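The values are calculated or read from the model by the stated rules, or taken from the named source; none is laboratory data. Computed from a prediction, not measured in an experiment: that's the story for all the values here. Glycine also receives a Cβ, built like all others from the backbone with ideal geometry; neighbour counts cover every protein chain displayed. With ligands, DNA and RNA removed, areas are computed over all heavy atoms of the protein, side chains included. Shrake-Rupley method; radii C 1.70, N 1.55, O 1.52, S 1.80 Å.
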Amino acid sequence: SFCLNRRTRRLCLGNRQAAMQHRYSRRVAAELTGGGATWARITALAQQPGVVNLGQGFPDFPGPATATRAAAEAIASQTPGNNQYSLQPGTARLTAALCKLYNRRYKAGMDPGKNVCVTAGGTEALFATMQAFVDPGDDVVCFEPFFPWYLPAIRMASGTPRCVRLMPPSFEAVEADIRAAITEKTKMLIFNTPHNPTGHCASPDELAMIARICVEKDLLCVSDEVYESCVFPNSGVRHGRLADEPGMAERTITIGSASKLLSLTGWRVGWASGPADLIAAVKTAHSYITYCAPTPLQEGCAAALEAASEDPAEIDRVAADMEARWQSLAAALRGLGVEVCPAQGGYFLVCDVKSTGKTSVQFVEHLLTSKKVAGVPMDVFYFPTENADPCTLVRFAVCKQKETIDAAIERLTEETG
């Protein structure tokens, strides 16, 4: 029917949406009210005019000039293929640059033609890996709080997530908790270090323990290491790779990303690396999802990684800057009477606001209205359960320019009448 005014148009639209939702796949319908929807709402609030946005974890500083210059040259060039489909596993230049970097840094022994698949961001690498290995009835162990896209990736592959809760303030993995989550149906474990959202970097003992369980239970492992370059220099820890633990090389797919390694979140270039037989399955799934990542942006990433293999100073500098921002923001938040959880790396700072008497959502809303500073309530990083205690953890992004963090600190510390 013809809608005559705004109210009836809204009613017509609402009726159509309700009528059409029964046509959605069960996979999509199950995610409509999940973390993605909540994330979108929070992001929209954080982008209001005048807000210092420490919510979403995107850098507000430029990535390497080597990368942007090479990508621009590729786009502008008349070289055949620079603006067309790349090879499905990635351009020859980028796969070679990735292998050179990892072989130098970690002695990974990677072969460009066998051990790496370039994807449209680390998120696609995760999704393709779930599609490649998870069947209906399979359990997948992951650790909460987690990157909100883990659960949908598992469920859209018809798997069942089994969550192990990491407890504040340290967020260290506990062996008994992991073993309790494993069933006879468990096929895979997802581990993330440095950890999003907490900034915890797994210790050698934690890595050895997780590896021991995976080998004993014959589990595949997805090691999400997109924040590998963001270990704080003064933290006293170094990034450790699960694939380097005994018995893990043949069962581990490691995920990396230009979003974090090169601070280029909008380019959507990521990768999965691992043994040839596992990566072959990821390549197959990837070919039916996006087929290839953007070709000229792969060229830009390759140029930056080639430079980083020779001189890692620019990548390493970012970690030092993150640590300084983290320390400054931590001091300001402690001044508000909240507990700051320790971190050894990553893009984020997590604090517990229980002392304020507010939940995480209430505290974030309070900062938005009274201080015009945006954080993220950590509710979106946990598996939704009924009758759960109110969440009091809040995440702030420190992957920002010094001026951005300073502006947030000024607002947090100023007296309000």
Query raised in the report: On average, how much accessible surface per residue is there in the chain, in Å², for a 1.4 Å probe, leaving out ligands, DNA and RNA?
Result: 46
Query raised in the report: Out of Arg27, Arg165, Arg212, any idea which swings most in a Gaussian network model of the chain, alpha carbons joined below 10 Å?
Result: Arg27
Report task. On a C-alpha basis, how far is the centre of region 169-208 from the centre of region 40-69 in Å? Whole number, if you could? Result -> 29
**Report entry** Neighbour net charge for Arg69 - beta-carbon separation under 14 angstrom, K R +1, D E -1
**Finding:** -4
Requested in this report: Assuming a ≥ b ≥ c are the square roots of the Cα gyration tensor eigenvalues, decide whether region 133-192 counts as rounded (a/c under 1.5), prolate (otherwise, with a/b larger than b/c) or oblate.
Outcome: oblate
**Report entry** Packing rank of 253-263, 92-102, where each peptide gets the mean count of other beta carbons within 10 Å, highest leading
**Finding:** 253-263, 92-102
Report summary line: Amide H contacts under 5 Å for Val231, restricted to residues at least 5 apart in sequence or on another chain and with H modeled in the peptide plane, are Gly346
Query - Non-local Lys pairs in the chain, i.e. 8 or more apart or on different chains, that have alpha carbons under 13 Å apart - result: 4
**Report entry** Environment charge of Ser263, counting only residues whose C-beta is closer than 12 Å and scoring Lys/Arg +1, Asp/Glu -1
**Finding:** 0
Requested in this report: May I ask for the longest run of the chain untouched by GluC sites (Glu not before Pro) that are loop-located per DSSP and have at most 15 neighbouring C-beta atoms (other than their own) within 10 Å?
Outcome: 1-171
Query - Unit charges on C-beta of K, R, D, E only; dipole of region 313-377, Debye - result: 340
Query raised in the report: Rounded to the nearest 5, what is the percent of antiparallel bridges among the DSSP beta bridges in the chain?
Result: 45
Report summary line: Residues meeting the amide H criterion for Thr392 (H placed from the backbone, H to H distance under 5 Å, 5 or more places apart or on another chain) are Ser360
Requested in this report: Subtract the Cα-Cα distance of Ala407 and Ala72 from 0.36 nm times their separation in residues, and report this length gain in nm to one decimal.
Outcome: 117.4 nm
Query - Gyration tensor verdict on region 250-310 (Cα atoms; rounded if a/c is under 1.5, prolate if a/b is larger than b/c, oblate otherwise) - result: oblate
Query raised in the report: Which one of Ala330, His239, Val282 has its Cα pushed farthest toward the positive end of the charge dipole of the chain, where Lys and Arg give +1 and Asp and Glu give -1 at the Cβ?
Result: Val282
Requested in this report: Tally up the carbon and sulfur contribution to the accessible surface of region 202-356 as a whole percent, 1.4 Å probe, everything protein left in place.
Outcome: 51
Query - From the coordinates shown, Rg and Dmax of the Cα atoms in Å corresponds to which of [x] 21.9, 69; [y] 26.4, 85; [z] 22.0, 84 - result: [x]
Query - Rounded D (µm²/s) - region 158-316, Kirkwood Rh over Cα pairs, Stokes-Einstein at 4 °C, 1.567 mPa s - result: 76
Query raised in the report: Where Lys and Arg each count +1 and Asp and Glu each count -1, what net charge lies around Leu87 among other residues with Cβ under 14 Å from its Cβ?
Result: +2
Query - Protection proxy ranking, peptides 280-293, 151-164, average beta carbon neighbours within 10 Å, highest first - result: 151-164, 280-293
Query raised in the report: Is region 42-162 rounded, prolate or oblate when judged by the Cα gyration tensor, a ≥ b ≥ c being the square roots of its eigenvalues, rounded requiring a/c under 1.5 and prolate requiring a/b larger than b/c?
Result: oblate
Query raised in the report: Among Ser309, Ala108, Leu262, whose Cα sits farthest toward the positive end of the charge dipole of the chain (+1 at Cβ of Lys/Arg, -1 at Cβ of Asp/Glu, about the Cα centre)?
Result: Leu262
Query raised in the report: Under unit Cβ charges (Lys, Arg +1; Asp, Glu -1), what dipole magnitude, rounded to 20 debye, does the chain have relative to its Cα centre?
Result: 1560
